[in-house]
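Below you'll find the structure, written out as structure tokens, and then a few comments.
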């Protein structure tokens with residue numbers, strides 16, 4: 001039987017969030033020196049594995065488990081709490097299960113929560129923590145947690161109204177594929193940030209993350225994956241909108257990491273040839289690392 005949200009609140013309230021590892025007191029994660037060194041490179045690549053969701057009919061915008069595991073490993077300890085406000089297909093929860101972190105994932109869509117729970121059924125015997133998917137508006141996360149309980153916020157949110165339009169494949173080489181002329185937007189729910197203009201999206205993101213700030217530990221990190229994109233032949237610098245808004249709401253930008261996707265992008269076409277530059281940035285995204293400053 002599916003638990004209602006009040007039962008989930010009670011379950012979450014009963015959990016203990018804190019280090020269960022044997023790391024030194026001053027260690028900020030459980031990484032080895034070698035793992036730490038590799039993570040200092042500011043351009044990252046990842047590969048998909050069999051457990052990853054690649055079917056766009058299940059979810060139109062997924063990221064690899066390996067990406068989520070890298071972020072969670074770098075910015076948290078075993079036993080601590082990770083929160084994904086836009087959990088989608090549940091990749092954050094799967095990664096947290098692998099890494100023995102508590103994790104809460106929130107999403108508006110019932111189908112996505114069911115997909116999360118299905119993926120979590122493949123239990124990890126080394127996991128001694130809880131991963132919970134909750135059908136809920138990200139604006140209401142503050143009702144589920146107490147101040148200073150979250151060690152890491154990690155998410156890949158809807159990218160404004162990027163998907164809320166018919167897909168046009170501009171490659172001269174690959175015009176007519178199954179995605180051509182399709183709208184892949186998550187929903188038309190008025191609460192869904194994927195239906196918002198860029199300006200409205202930035203304000204809504206600011207509102208959500210301002211509410212999350214008191215729940216985040218001091219110097220706890222908040223990592224958000226966003227791309228820039230083209231719309232109406234203009235470059236939409238979504239990452240700049242987001243950085244400006246997060247700073248207004250009390251977050252400090254610590255690092256900008258480039259997710260280089262060239263190794264997993266299929267069928268790179270001759271975009272814009274021979275008369276229009278529209279290719280720049282189509283094969284990378286930003287991993288924006290903020291934290292809650294001590295002051």
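FYI, it's all coordinate maths here, none of it is from the lab. Worth saying up front: this structure is predicted, and the values here are computed from it rather than measured. So basically every Cβ, Gly included, is an ideal-geometry build from the backbone, and we count neighbours across all protein chains shown.
Some notes on this structure:
- Springs join every pair of Cα atoms under 10 Å in this Gaussian network model of the chain, and among 39, 14, 73 the largest mean-square fluctuation is at 14.
- Computed from label points 7 Å out along Cα-Cβ, the spacing between residue 143 and residue 5 is 0.4 nm.
- Stretchable slack from residue 244 to residue 207, in nm (0.36 nm times residue separation minus alpha-carbon distance): 12.0 nm
- Mean residue ellipticity (222 nm) of the chain, computed from DSSP H runs ≥ 4 via -39,500 (n - 2.57), nearest 500: -7500 deg cm²/dmol
- The structure shown yields Kirkwood radius over Cα pairs in Å, and of the options [x] 18.9; [y] 20.7; [z] 19.9 that calculated value carries the label [z].
- Sites residue 114 and residue 232, calculated FRET efficiency, Cβ-Cβ separation with R0 30 Å, nearest 0.05: 0.25
- Placing pseudo-labels 7 Å out from each Cα toward the beta carbon at residue 31 and residue 254 gives an inter-label distance of 1.1 nm.
- Short-range pairs are left out: with C-alpha atoms under 8 Å and at least six residues apart, the relative contact order of the chain is 17 percent.
- Net length gained if the chain between residue 200 and residue 219 were fully extended (0.36 nm per residue, minus Cα distance): 4.0 nm
- What the Cβ-Cβ distance of residue 122 and residue 21 gives, at R0 = 30 Å and to the nearest 0.05, is a FRET efficiency of 0.80.
- Here the spin labels are modelled as points 7 Å beyond Cα on the Cα-Cβ line, and at residue 277 and residue 264 they lie 2.8 nm apart.
- Sorted by Cβ density within 10 Å, fewest first, the residues 114, 285, 22: 22, 114, 285
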